[in-house]
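Everything on this sheet refers to the single structure shown next.
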There are 2 protein chains.
Amino acid sequence: MSKKSKSSALYKKKGVSQSDITNASSIKTIQNKRKQQPTAKDLVSKILNGNITALSRAITLVESSNPKHLKKANEIIKHCLPKTNQSVRIGITGIPGVGKSTFIEALGIHLTAIGKKVAVLAVDPSSSLSKGSILGDKTRMEDLVKNDNAFIRPSPSGTSLGGVARKTRETIILCEAAGFDTIIIETVGVGQSETAVHSMVDFFLLLKIAGAGDELQGIKRGIIEMADAIAINKADGDNLKAAKLAKVEFNRALHLFPQKASEWQPKVTLCSALKREGISNLWSLITDYLDHTKENNYFETHRTEQNKFWLLQTIEERLKSDFFNTPKIKEALKSQLQFIEDGKTTPFVAAEYLLKLKN
Amino acid sequence: MSKKSKSSALYKKKGVSQSDITNASSIKTIQNKRKQQPTAKDLVSKILNGNITALSRAITLVESSNPKHLKKANEIIKHCLPKTNQSVRIGITGIPGVGKSTFIEALGIHLTAIGKKVAVLAVDPSSSLSKGSILGDKTRMEDLVKNDNAFIRPSPSGTSLGGVARKTRETIILCEAAGFDTIIIETVGVGQSETAVHSMVDFFLLLKIAGAGDELQGIKRGIIEMADAIAINKADGDNLKAAKLAKVEFNRALHLFPQKASEWQPKVTLCSALKREGISNLWSLITDYLDHTKENNYFETHRTEQNKFWLLQTIEERLKSDFFNTPKIKEALKSQLQFIEDGKTTPFVAAEYLLKLKN
């Protein structure tokens, strides 16, 4: 191990991130840098003024695993909170190949053109493994990235969906405090991440293409049931006829489900993100939904329910990780699993043993 | 409050159940009765001899919420454990009206006739509310209940599925130790209870009737995907033609799913529980499955995986209930939920607060 990597490992332990270290051999430099770190108060006031650098810094604190950073992040969020209820949060899902990035760029450009400020976030628990399978590469949204009224942030990394979702949810609050009034949260149409995204948005859009043959999957995994609208993308050229047919079919499928608590009948619409067609139609569908749910009060009660759900989720997640990350438990769990494999104990006796060990 | 009810409340607190109390005003009588309670060792030796009274008593201990009873139950289970791997565990689900009780009785009678010892259990977390919606009334299985080689036990009561499932799983072990070689576990085709039952059985049977129109529900909730076989019941008289059509359709649906880890291709079969037709066919289908999965070792590895899953499940369940049942937390949770309702905190800040409160 070189001297440099040794000392950076040391600072890492102390909770100083790699990026804080300009000269790893000089502790003094680091201490000076630390003093220059903006306080939570500084960051809050800058965020509320729409300062993007401050917003990015605060998100980095939210995403950190350093307890000091998390404390600071909580402080910032607390003060940003009163500014956060003026937004619309839209979840977008669809399997790879459906054209999500192109679609989100088209929607983002439409929204900024009509005066909205758009933040695009992502929930992709696999991104730490695949090095950013969605939104990892901002170049996919070339036009939107240059737009001053758009802010794009890739998925936080993390191995557990619970952790990734928590970070994204806090990032929503920061973006809203910074003046972004439309939050788009992208996720991939695989795994449980749709459910997580669905539980943090006001409107959930399922992006489809004609003839992908994944209808059964969508029904099976409850994704179609969650959708407030289905947009059939790539409805252009030779594909238009098939897209129109798919629209009829999806409309029929949507009617098989019982009425939603929002009393909104989900709609199917066509679009071509590439040609930027059908995007304003879709947006007026979303505003119809917002009018409808604000009128019947669902919008408000739904957000409150989501917050309560997230309180319980966060606690459960933490109880589990606190327990299973205790070194004593980790060790003992290994042997208990072996005893189970050998038929020497029952799951329940083993659980009793492990739970007692904790106290 | 009368003197009697006062003192029975007192004994209840001390962990003496109502049924232990013959004369609530005489503590001496209770102490004598206590002395007469069989020890764990007594119960184990009687259970291993196939004594049904001892088996029932041990199950009552498993179902108790008294910590002393649970300790005794764990002791009993530990000693019964070496005797439990000689059985077959069959899960049966189907929506109300499909004829589950009649079917299970027909299957039970067939099995006892060919020399099996059959225990019928149920998982129904709603039963405490609805006073036993399934198997609450043994009279529904009049013929089977009289059979010496059959043992029928209604669903343990409980508000959480986790708790009900745990109790049932421990009851399986006791029944197997008492010499029951075929364990049938019934559940209702609503809610999450199928998943719980699926995770404790070797073979999972979905009971259907023709034209019930719940196919989409079954696909959506993943029940069809879990099934190792679908039996279409009431395939008699005028209904036979429709049942045969349904068989073709379900066979097609089953082929839409990817191959199971067991490498078993699920089958569809017809039966009439009322006329006791098609039952032996179904049983030979089940024995085919058992031969197949024992040969490719899936039977064994699957049971081990189930046990590991249950270890983790049990721990998670207990971590949650320990936390949320702490009086201090209960109180504080109420106010935090109110703060969320008033928009005065975030779920994450509230969770931090509650988690800190515990330590």
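None of the figures in this text is laboratory data; all of them are computed from the coordinates on show. Just so it is clear, the model here is predicted, and its values are computed rather than measured. Reconstructed Cβ throughout: ideal geometry from the backbone, glycine too, with neighbour counts over all protein chains shown.
Could you pull out every residue, at least 5 positions away or on a different chain, whose amide H is within less than 5 Å of the one on residue B:152? Hs are placed 1.01 Å off N in the peptide plane, and Pro or chain starts have none.
It is B:120, by chain and number.
With respect to the cross-link table entries A:320/B:308; B:208/B:247; A:72/A:330, which display a Cα-Cα separation exceeding 18 Å? Please report the intermediate quantities before stating the final value.
Values: A:320/B:308 16 Å; B:208/B:247 10 Å; A:72/A:330 30 Å.
Too far apart for the 18 Å limit: A:72/A:330.
Which shape class, rounded, prolate or oblate, goes with region B:279-359 when its Cα gyration tensor gives a ≥ b ≥ c as root eigenvalues, a/c under 1.5 marks rounded, and past that a/b bigger than b/c marks prolate?
Numbers: a/c = 4.33, a/b = 3.30, b/c = 1.31.
Prolate.
For every other residue with a beta carbon closer than 13 angstrom to the beta carbon of residue A:148, add +1 if it is Lys or Arg and -1 if Asp or Glu, then tell me the sum. Provide the component values of the computation, followed by the final result.
Numbers: positive: A:116, A:117, A:146; negative: A:143.
It works out to a net charge of +2.
Please list, in chain and number order, the residues 5+ apart from residue B:268 or on another chain whose amide H is under 5 Å from its amide H, with Hs placed from the backbone.
Those qualifying (amide H under 5 Å, at least 5 residues apart or on another chain) are B:230.
Rounded, prolate or oblate: which fits region B:238-307, taking a ≥ b ≥ c as square roots of the Cα gyration tensor eigenvalues, rounded meaning a/c under 1.5, else prolate when a/b beats b/c? Before the final figure, lay out the partial values.
Numbers: a/c = 3.12, a/b = 1.68, b/c = 1.86.
Verdict is oblate for region B:238-307.
Name the shape class, rounded, prolate or oblate, that the alpha-carbon gyration tensor gives for region A:84-306, where a ≥ b ≥ c are the square roots of its eigenvalues, rounded holds for a/c under 1.5, and otherwise prolate holds if a/b is larger than b/c and oblate otherwise. Please list the in-between numbers first.
Details: a/c = 1.26, a/b = 1.15, b/c = 1.09.
Rounded shape, in that the Cα axes give a/c under 1.5.
How much length, in nm to one decimal, is gained on full extension between residue A:142 and residue A:296, taken as 0.36 nm per residue of separation minus their Cα-Cα distance?
Numbers: separation 154, 0.36 × 154 = 55.44 nm, distance 3.88 nm.
Stretched fully, the residue A:142-residue A:296 segment lengthens by 51.6 nm.
Pairs to check: A:334/B:116; B:146/B:275; A:294/B:344. Give those whose C-alpha atoms are more than 27 Å from each other in this structure. It would help to have the intermediate numbers written out before the result.
On the way: A:334/B:116 37 Å; B:146/B:275 19 Å; A:294/B:344 21 Å.
From A:334/B:116; B:146/B:275; A:294/B:344, over 27 Å: A:334/B:116.
Considering only C-alpha atoms, what is the centroid distance from region A:248-300 to region A:178-211, in Å?
Cα centroid to Cα centroid, the span is 14 Å.
From the phi angles alone, apply the Karplus equation (6.51, -1.76, 1.60; θ = phi - 60°) to region A:253-264 and give each ³J(HN,Hα) in whole Hz, x where the residue is Gly or Pro.
4, 5, 6, 6, 8, x, 4, 6, 4, 6, 6, 9
List the residues whose amide H sits under 5 Å from the amide H of residue A:185, counting only those 5 or more places along or on another chain, with H placed 1.01 Å from N in the peptide plane.
Here the answer is A:90, A:91, A:92, A:121, since their amide H atoms fall under 5 Å of that of residue A:185.
I'd like the Karplus ³J(HN,Hα) series for region A:72-84: coefficients 6.51, -1.76, 1.60, θ = phi - 60°, whole numbers in Hz, and an x wherever there's a Gly or Pro.
4, 4, 4, 4, 4, 4, 4, 7, 7, 3, x, 9, 10
Determine which chain B residue has its Cβ at minimum distance from the rotation axis mapping B onto A, giving the value in whole Å.
B:319, 2
Under a straight-distance cross-link criterion of Cα-Cα below 19 Å, which aspartates and glutamates are reachable from residue A:117, leaving out those fewer than 8 residues away in the same chain?
Residue A:117 reaches A:105, A:142, A:143, A:148, A:170, A:176, A:181, A:186, A:202.
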